[in-house]
1. Is there any pair linking a residue in the stretch 2-31 that is closer than 30 Å to residue 48 by Cα and part of a helix (DSSP H, G or I) to one that is at pLDDT below 90 and among the aliphatic types (A, V, I, L, M), with Cβ under 7 Å and at least six apart or on different chains, and which?
2. Would you pick out the residues in the stretch 39-51 that are in a loop (DSSP other than H, G, I, E, B) and surrounded by 10 or more Cβ atoms within 10 Å (Cβ to Cβ)?
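The values are calculated or read from the model by the stated rules, or taken from the named source; none is laboratory data. Remember, it's a predicted structure, so these values are computed and weren't measured experimentally. Cβ: placed from backbone, ideal geometry, glycine included. Neighbour counts: every protein chain shown.
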Amino acid sequence: MLVRVKYLSLGLIVGCAAGLWAGVNIGKGQSIYENPFKERTIQERVLDSGGELLEKGSDALMERIDR
């Protein structure tokens with residue numbers, strides 16, 4: 001009985017650690033298996049924000065054209 005509790009608690013700890021790792025990466029928009037502590041470079045941040053800006057600009061243009 002004590003061995004089962006030991007394995008269960010070990011499984012919970014490992015599962016929580018893996019879930020936290022994947023959750024942080026998903027929150028940052030990275031691949032699940034990347035290092036969640038790695039800082040993104042300025043170049044990566046600019047590319048991401050530039051893509052979002054381009055999408056918003058094209059949406060605004062399309063709304064303006066549709067009127």
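1. From the stretch 2-31, the pairs are 22/32; 25/32; 26/32.
2. 40
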